[in-house]
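Working notes for the structure below.
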Amino acid sequence: MSEPDSRDGERSETLNQSLKALSCPARRRILLALESQHPREVGEFQSEEFRPAETEPAFFTIRLHHEHLPHLDEAGFIIWNRAADTIMKGPDFEELQPLMRCIQNQFDVDFDG
């Protein structure tokens with residue numbers, strides 16, 4: 001029996017982070033928007049275009065700043081410059097793109113929930 005390769009654990013962690021990032025419609029919208037243009041101002045993501053219809057604007061802003069952006073930043077998918085209130089593609093953004101395309105193609109979603 002062969003010993004587990006340390007890269008298997010790294011790949012598994014990367015996959016888990018990717019799936020968690022893409023499991024939320026708000027985060028998918030942010031990532032898709034960054035794919036076409038970056039950097040972007042965080043204020044853009046507080047608009048109705050990114051906020052679920054049933055969510056209060058103030059509540060969504062709190063979740064954006066305390067949940068969505070920190071998660072994407074910690075995973076390396078974005079770089080969140082808090083001082084300038086901007087985000088841009090992170091060092092691991094490219095790792096998400098094949099999975100984003102697969103989800104869009106397989107499930108025919110427009111990353112809008």
Query raised in the report: Can you sort I103, I78 by how many other beta carbons sit within 10 Å, fewest first?
Result: I103, I78
Report task. Would you mind getting me the FRET efficiency between E56 and E35? Use the beta-carbon distance for r and R0 = 22 Å, nearest 0.05. Result -> 0.20
Report task. Subtracting the Cα-Cα distance from 0.36 nm times the residue separation, let me have the gained length for E48 to I79 in nm, one decimal. Result -> 8.9 nm
Query raised in the report: With charges set only on the Cβ (+1 for Lys and Arg, -1 for Asp and Glu), what does the dipole of the chain come to about its Cα centre, in debye to the nearest 20?
Result: 120 debye
Query - Three-way shape call for the stretch 18-104 based on the alpha-carbon gyration tensor, with the a/c threshold at 1.5 - result: oblate
Query raised in the report: Points 7 angstrom from Cα along the Cβ direction at E13 and R101: gap in nanometres?
Result: 2.7 nm
Query - Residue among F59, F45, F77 with the largest mean-square fluctuation in a Gaussian network model of the chain, springs linking Cα atoms under 10 Å - result: F59
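None of the figures in this text is laboratory data; all of them are computed from the coordinates on show. Quick caveat: nothing in here was measured; it's all calculated off a predicted structure. All Cβ positions, even for glycine, are placed from backbone atoms using ideal geometry, and neighbour counts span all protein chains on display.
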